[in-house]
Structure formats: structure tokens, C-alpha cells
1. Across the range 162-177, which residue is most open to solvent (accessible area, probe 1.4 Å) among those that are farther than 17 Å from Asn251 by Cβ and in a strand (DSSP E or B)?
2. Please find, within the range 93-148, the residue that is farthest from Met205 (Cα to Cα) out of those that are of a type in the set (D, E, K, R) and without any contact (Cβ under 8 Å) to a residue 60 or more places away in the chain.
3. Inside the range 220-253, can you point out the residues that are without any contact (Cβ under 8 Å) to a residue 60 or more places away in the chain and assigned to a helix (DSSP H, G or I)?
4. Hey, any hits in the range 113-135 for a residue that's at pLDDT below 95, open to solvent by 40 Å² or more (accessible area, probe 1.4 Å) and part of a loop (DSSP other than H, G, I, E, B)?
5. Looking at (1) open to solvent by less than 60 Å² (accessible area, probe 1.4 Å); (2) hydrophobic (A, V, I, L, M, F, W, C); (3) assigned to a helix (DSSP H, G or I), find the lone condition where Leu93 falls short.
6. Val45 passes all but one of (1) closer than 19 Å to Leu72 by Cβ; (2) part of a loop (DSSP other than H, G, I, E, B); which number fails?
7. Kindly evaluate Leu278 against the criterion of being open to solvent by 40 Å² or more (accessible area, probe 1.4 Å), on the phi < 0 side of the Ramachandran plot and under 14 Å from the mean Cα position of the chain (by Cα).
Amino acid sequence: MEFRQLDYFRTVVDKGSVSGAAKALGLSQPTLTTAIIKLERDLGVQLLERSARGVAPTEVGRYLLANARRLLADRERLSTTISLMAEGLVGDLRVGLEPMVIHEVMADVLTEFIRQAPAVNVMLTDTTPDRIVEGLIDGSLDVGCVPFAADRFADAVRDMCDWSPIARIALRLAVPRSRAEELHPDGHGWGRWILPRPMREFSGMPDDAVAALGADDDFRTIEVSTPQTAVAFVAAGLGVAPVTQRLVGDNPAVAVLDAPSWMRPMQATVIWRKDQELTPHISRWLAASRLIAGRRLGPANVI
């Protein structure tokens, strides 16, 4: 028994005649009659009672008809769902995002993605870049965005992940408001720096700061896991920190200055596991990321 036969049978019953059903299906009447007779022979039962007024289902035919309608509806729903999945319009997407890239661009990317594909269930985890990599490797995340260019990836990350750069984001230096007028050429002499904790998966700001300032007698650090924590510590007068303007906002206790020359711009990079197919969902996320980055940061900063 095939879906095609069930469709033919349903149409014959709905139209009340083989001729009417044949016209609706675009078939010849003999072709449709042969198909219905074959269905009855395959099942070993009579499905239709034929009379001068047309056809009507037998008791067994009515049972088959009820189930045929359900099966055909399920098939149509399945076909529609598969088509929508192929276009990235339904299903699940598990995303890992680092807090700074959320503030700068990814919150709006999520808004755009949901606008384009409202039926997709997006499960968002805001966490540190190393945890994003772990989630991609163990399969708990489908895609992530980290604040590092590919040349900052450790070899293990390069071996396990594919990536697509999205945009450059300018960094600034957050300092306590009471110290905003101090002059410290190229970042020297600030004393304590509040920096992201070092990660074996990525090199970045801690390495750059040590390379540039490690020889200073007053250089010391506080390690934090999130940029929001760094801003709070700057506001408390504990030191200075690399930030973005948007992350600081209008915090009255923090001043934002130009970054030292050695402080490279942050780069938002979308990553996913290398052996994972570039699914329609991930492709749509990438497209939304570039669209929003262009709007927010300007075309010159989109990579």
C-alpha cells in the first residue's frame, strides 16, 4: 500500500465517483479504476460499494479512510517540516556566546535571526570562550561566537573547529573616573590591570599586556572571567581594563580612554565543530551576523 493509492482512495470517496476523482487528480478514469481495484486486491477486502449513483466506502473502507486522512496529513506535515528545516526555518539551534560579543553585536543578531526564523527554537548560553569550545566539541552547542581572530586560536581549536570571521570591534581603556586626567603613554604606569583569565584555547589580552607592560615595576593584574566584572572593579577603583564603549555604557564611576597602540581590536568570530555539517541554521546565523555587524559597526569593520 502506497501513499499514492491512499490519496486516490480518499479523493474517490470525497468526490463520490471515480470520474469526478479522476478529473480532480488529472488521471484517466480507467487508470484510476485500475489503481483502486489493485488496492482492494492488495488488501484482500472490498473498499467501495458501487452503484448507479456513484461510490461509497464500505465499513472497512470507512476505517481505511479515517486512517488514510491521518497518514496523508502526517506526510504533508512531515514534507513541509523537512522543507522548512532545509531552509533553516524550523528546528533547534544551540548557541554559545561570550558576554562582550553579546553586548557589541550578538544580541541584535539573535533578534534578527528570530525575525527571519521565528519557529526555530534558539537555546542561548552566555559563557567564556573556552567553555564555548568545550560545548562545540561535546555536542552541547551547535555554533558559537568568540572575541578572537583565528590567529589567536590554539592549534587544538584549529584542528577541531571551523570558523568564519564576522567583524572587528574597537577596544577602549576603562579607568576610574578619578584618574581620567592622568597621562600614561601607551598604557605604562597605570599599575593594576583587570584582565580576562588566560585560556589555553586562545591567546589574547593577557598575553599582549604582559608583553607590553610586564617589565614595568608597578604592573600587576587581577584575573576575571567576564568583562562585566572588570567594569565593576574599575568602578571600584581597583585598576584599569580593556573594554568596549558599549559595555561601559553610562557608568558614572568609569571613564573611557583611547586604547594603547598594542591593544588590538577585538574580532567577533563564529565557530562550529569541523566535522559538523554547515547546517541551514548555522548558515542563517552567519548571514544574520554579517548583516547586523554591517548595520552596527559599519561596512568597513565587517570581515
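1. Going through the qualifying residues, I end up with Arg168.
2. Once the filter is applied, the top-ranked residue is Arg115.
3. If the condition is that a residue be without any contact (Cβ under 8 Å) to a residue 60 or more places away in the chain and assigned to a helix (DSSP H, G or I), then Thr229, Ala230, Val231, Ala232, Phe233, Ala235 are the ones that fit.
4. Looking for residues that are at pLDDT below 95, open to solvent by 40 Å² or more (accessible area, probe 1.4 Å) and part of a loop (DSSP other than H, G, I, E, B), one finds at least one in the range 113-135, hence yes.
5. It is condition (3) that Leu93 fails.
6. (1)
7. Values: open to solvent by 40 Å² or more (accessible area, probe 1.4 Å): yes; on the phi < 0 side of the Ramachandran plot: yes; under 14 Å from the mean Cα position of the chain (by Cα): yes.
It is true that Leu278 is open to solvent by 40 Å² or more (accessible area, probe 1.4 Å), on the phi < 0 side of the Ramachandran plot and under 14 Å from the mean Cα position of the chain (by Cα).
This table checks each residue for (1) within 17 Å of Met1 (Cα to Cα); (2) surrounded by 14 or more Cβ atoms within 10 Å (Cβ to Cβ); (3) at pLDDT below 85.
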position: Pro30; (1), (2), (3): no, no, no
position: Ile37; (1), (2), (3): yes, no, no
position: Asp42; (1), (2), (3): yes, no, no
position: Val45; (1), (2), (3): yes, yes, no
position: Leu48; (1), (2), (3): yes, yes, no
position: Ser51; (1), (2), (3): no, no, yes
position: Ala66; (1), (2), (3): yes, no, no
position: Ala73; (1), (2), (3): yes, no, yes
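The values are calculated or read from the model by the stated rules, or taken from the named source; none is laboratory data. Computed from a predicted structure; not experimentally measured. Reconstructed Cβ throughout: ideal geometry from the backbone, glycine too, with neighbour counts over all protein chains shown. Just the protein is used for accessible areas: all its heavy atoms, side chains included, with ligands, DNA and RNA removed. Shrake-Rupley method; radii C 1.70, N 1.55, O 1.52, S 1.80 Å.
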